[in-house]
1. Is it the case, given these coordinates, that VAL550 is open to solvent by 20 Å² or more (accessible area, probe 1.4 Å), out of contact with any strand residue (DSSP E or B) (no Cβ under 6 Å at 6 or more places or on another chain), assigned to a loop (DSSP other than H, G, I, E, B) and at pLDDT below 95?
2. Check VAL163, VAL132, VAL175 and return the single one that is under 19 Å from SER19 (Cα atoms) and of a type outside the set (Lys, Arg).
3. Right, LEU435: open to solvent by less than 20 Å² (accessible area, probe 1.4 Å), touching a Leu at 6+ places or on another chain (Cβ under 8 Å), closer than 20 Å to PHE673 by Cβ and part of a helix (DSSP H, G or I) or not?
4. When you scan segment 195-203, do you find a residue that is in a helix (DSSP H, G or I), among the hydroxyl-bearing types (Ser, Thr, Tyr) and open to solvent by less than 20 Å² (accessible area, probe 1.4 Å), even just one?
5. Being under 30 Å from LYS443 (Cα atoms), of a type in the set (Lys, Arg) and open to solvent by less than 80 Å² (accessible area, probe 1.4 Å) narrows it down to one residue among LYS360, LYS296; which is it?
6. Among the residues of segment 596-606, how many are in a strand (DSSP E or B) and either open to solvent by 30 Å² or more (accessible area, probe 1.4 Å) or not β-branched (Val, Ile, Thr) (or both)?
7. Pick from ILE131, ILE103, ILE111, ILE48: which is surrounded by 22 or more Cβ atoms within 10 Å (Cβ to Cβ), more than 30 Å from ALA145 (Cβ to Cβ) and among the β-branched types (Val, Ile, Thr)?
8. For PHE673, only one of the following conditions fails: (1) surrounded by fewer than 19 Cβ atoms within 10 Å (Cβ to Cβ); (2) in a helix (DSSP H, G or I). What is its number?
Amino acid sequence: MATTPVEIIRNIALCGHKSSGKTTLVDRMLTSTGMVNRPASVDDGTSICDFDEEEKSHRYTIEATPVFFDHAGKRFHVLDTPGYPDFIGQTIGALRGVDTAVIVVNAQSGIEVNTRRVFAEAHKAGLGRMIVLNKMDAENIDFPALLESIREMFGPECVLLNVPLGVGADFRGVVGTLEPPGDAAGALVDPAAIHESLIESIVMADEEVMNRYLEGQPPGKDELSRLLIQAVAEGSLIPMICVSGKTGAGFAEMLEALALCALPANTIRRKGKKPDGSEVEVQADPEGPLVAQVFKTRIDPFVQKLSYLRVFSGKLVKDSMVPVVGARKPVKIAQLFQVQANETQPIDEAGPGAIVAVTKVEELQTGSSLGEIELPAIAFPIPMVNLAAAPKSRGDEAKVSGSLAKLAQEDSTFRRELDVQTKEMVIYGMSELHLQILRERLKRRDKVEIETKEPKIPYRETIQANGEGMYRHKKQTGGRGQFGEVHIRMFPFPAGTVPEEFATKARFPSMKEFHYHPEHNFIWIDSIVGGTIPGNFLPAVEKGFLDRIVRGVIAGYPVTNVCVEVHFGKHHPVDSSEQAFKTASSMAFRNVFNLCKPSLLEPIVKLEVTVPGDKLGDISSDMSGRRGRVLGMDSAGGNLQTLIAEVPLAEVTTYARALSSITGGQGSYTMEFSHYDLVPGNVAKEIIEKAHLEEEEEE
């Protein structure tokens, strides 16, 4: 089977907010071009792209789905992506596999949260962009206001490639603006008035042609076709198309526009790194070195692991051995498929521009580069919404662990980790909805169920004052007893303090040596004089300190930012032992810690919240109620504002729900760890009381 010439390949991702009609458009692409000969509808569960049970049940797209079809002498690879921001990772991965992002806007709803997000992600990825104004048959569409909002948000580069004939129930088709007809009766906008601005946007891509145009010499048809692609690639033109995916009005013109404006697969100049670290431009040459990248992973119950690849250079051949960047040895491509939604068809080879899948290559992960050249990593957002998870049925621990590992392979915005402090398995996702859908998938596909609850906040314990004390461990049980006595001084050891600058002879005149444990920011000083604690027992003393640090003192949370000086002790030639000194040092630590103004520390996160300007006051007030501190505000384009704040993690564990309620779904946010800070006394008291109550219940 011959590979498709790269110049006729068009790789496109349909992106946008939920309910903008992306999947309906893709279904119609396949049925209208004869690639699929059956009815397809999202509403009745027969969609070609939404084939997962979760997608059929909820009636919305959850995963990016690749399809292909031929039209106007070109091979189209189209990726249908989710519209919910909760599944943005699928869209970001899909954008790595394509050259053009088609942002679908619900003409009735206008620009929504995910519209802005995917437009920005496509720009960041350096892709050509087009806008499809879908659902032109819906009621209550203010077309002039829609155009104004798009241009205000995304810039004057957004120009209509066609204009609608009628709107709402009267929408019956479109007329072009590139070659406007003499009679455009019923058009909402005069296509001739748009024509000039469209041509100006196109000729800006070539200075010589632009100069000729300004002198009154318009470009020819072939020249326009070439420059149109160049203008889309450079971003000086973002074509807008009007259509109704439901009725089909304007659909044929939309396909023609995609054939005319979508970038050929050899247009974008991508760069990678050679093994020696030098940068190289990747050429879309079938005779060049193999360069390909995994942009999506799917665990299928029947064919197991599917890795979806975009080939950028060279050829990927069935049964060949292929190097993978970072792998110790080449991998064998035993099977190679072209993919039509959930159906696969074996092929022998794939050239530049191809979007294909390989199976059962465990070394491949999302983002893996095939060949000797390493492509940039795919920058997925960090998941911040977390839940503590446990198997619903006892004995399913190993099964759940394996199933969660599969989910992490499929979804780069999902992760799981064992919290060593709380002993909980914590799962992280983009939102509560995201995690709920993954739970449903676990139940259906892997036949395991998990129970979830809000995870414990990883507080820390510390001190704010100096203290001194001792503990004598003495126990006689008949025969050999237990004896160990440890005297210590305790000091705050602030985060960021350099151990060598703190542990000096000036501060600790009798110091012989110090031991630093960076994982706890704990330092202990050996100032024993005269062997009052024999040297062979000092490791046990250190173990006692570390044991108490892990277990905590006032509320069961790990201790941090503390220095202990061991300056005296007593031993018994018969009854002293390592266990005795370990117990004595642990208890001495506990006793003195309680004398040093013990306090709790809590994790503080940096929150960036983007909302419409009229909601900024509400968000600011809400931050104050969450013990947050507003650091500043920035414009986010259009009527959007971004508020930047520091707030305790405990106050924003379910912030997605609150933000949606405040903004009516128009807000978005990012969150990352900043630092630890002292918990206010009244809040700390509640936390400590709750910890003691839980401890009593466990006993």
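The values are calculated or read from the model by the stated rules, or taken from the named source; none is laboratory data. Treat the numbers as computed from the prediction; the structure is a model and nothing was measured. We place every Cβ from the backbone using ideal geometry, glycine too, and count neighbours over all the protein chains shown. Heads up: the accessible areas ignore ligands, DNA and RNA and are worked out on the full protein's heavy atoms, side chains in. Shrake-Rupley method; radii C 1.70, N 1.55, O 1.52, S 1.80 Å.
1. Numbers: open to solvent by 20 Å² or more (accessible area, probe 1.4 Å): yes; out of contact with any strand residue (DSSP E or B) (no Cβ under 6 Å at 6 or more places or on another chain): yes; assigned to a loop (DSSP other than H, G, I, E, B): no; at pLDDT below 95: yes.
So VAL550 fails the test.
2. Working: VAL163 fails: under 19 Å from SER19 (Cα atoms); VAL175 fails: under 19 Å from SER19 (Cα atoms).
That would be VAL132, the only listed residue that is under 19 Å from SER19 (Cα atoms) and of a type outside the set (Lys, Arg).
3. On the way: open to solvent by less than 20 Å² (accessible area, probe 1.4 Å): yes; touching a Leu at 6+ places or on another chain (Cβ under 8 Å): yes; closer than 20 Å to PHE673 by Cβ: yes; part of a helix (DSSP H, G or I): yes.
For LEU435, the condition - open to solvent by less than 20 Å² (accessible area, probe 1.4 Å), touching a Leu at 6+ places or on another chain (Cβ under 8 Å), closer than 20 Å to PHE673 by Cβ and part of a helix (DSSP H, G or I) - is met.
4. Step one: of segment 195-203, the residues in a helix (DSSP H, G or I) are 195-203.
This time we only want the ones that are among the hydroxyl-bearing types (Ser, Thr, Tyr), so: 197, 201.
Then keep just the ones that are open to solvent by less than 20 Å² (accessible area, probe 1.4 Å); that gives 201.
Yes, the conditions are met somewhere in segment 195-203.
5. Details: LYS360 fails: open to solvent by less than 80 Å² (accessible area, probe 1.4 Å).
Of LYS360, LYS296, the one residue that is under 30 Å from LYS443 (Cα atoms), of a type in the set (Lys, Arg) and open to solvent by less than 80 Å² (accessible area, probe 1.4 Å) is LYS296.
6. At the first step, the residues of segment 596-606 found to be in a strand (DSSP E or B) are 598-606.
From what is left, the residues that are either open to solvent by 30 Å² or more (accessible area, probe 1.4 Å) or not β-branched (Val, Ile, Thr) (or both) are 598-603, 606.
Residues that pass the stated criteria total 7.
7. Values: ILE131 fails: more than 30 Å from ALA145 (Cβ to Cβ); ILE103 fails: more than 30 Å from ALA145 (Cβ to Cβ); ILE111 fails: more than 30 Å from ALA145 (Cβ to Cβ).
Testing whether each residue is surrounded by 22 or more Cβ atoms within 10 Å (Cβ to Cβ), more than 30 Å from ALA145 (Cβ to Cβ) and among the β-branched types (Val, Ile, Thr) leaves just ILE48.
8. (2)
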